[in-house]
Amino acid sequence: MNNNRTELSVNTEVLEKMAEIAAKEVDGVIGIAKRAIDLKGAVKSKNAFKGVKIESINGAVKIKVYICVAESANVKTVAEKVQQIVKDKVQNMTGTAVTQVDVIVADVKFSEDANA
């Protein structure tokens with residue numbers, strides 16, 4: 001009996017990069033923010049300051065994305081779009097189920113003119 005079944009394994013760092021690129025495609029997202037961490041997290045993880053966190057549970061993926069938005073952006077709309085696009089892109093590219101995408105607005109970028 002010949003079983004031609006293949007299994008895909010995607011490195012967590014690759015998933016993080018996919019999610020980051022997808023989030024940056026959304027209008028109103030200025031960039032990915034570095035996430036806040038506790039001291040224990042910084043010591044344990046080399047990725048402690050990354051703006052995307054991937055958690056794999058029973059073959060499914062939970063994603064946290066920390067974004068910086070433009071001051072003119074509607075934060076709720078931008079966050080919802082980021083959730084949908086990140087979920088769709090990661091699922092379509094890997095075939096892995098994304099069960100949750102948390103979007104944390106970590107910063108707002110104000111124009112230079114506002115400070116004058």
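A straight chain from residue 70 to residue 104 at 0.36 nm per residue would run longer than the Cα-Cα distance by 10.8 nm.
What is the fewest-to-most order of 103, 108 by other Cβ atoms lying within 10 Å of their Cβ?
With the sparsest Cβ surroundings first, the list reads 108, 103.
If r is the Cβ-Cβ distance from residue 57 to residue 13 and R0 is 25 Å, what FRET efficiency results, to the nearest 0.05? Here the calculated transfer efficiency is 0.90.
Laboratory data are not the source of any read-out in this text; all were calculated from the coordinates shown. Please read all numbers here as calculations on a predicted model, not as lab measurements. Every residue, glycine among them, receives a Cβ derived from its backbone with ideal geometry; neighbour counts consider all protein chains shown.
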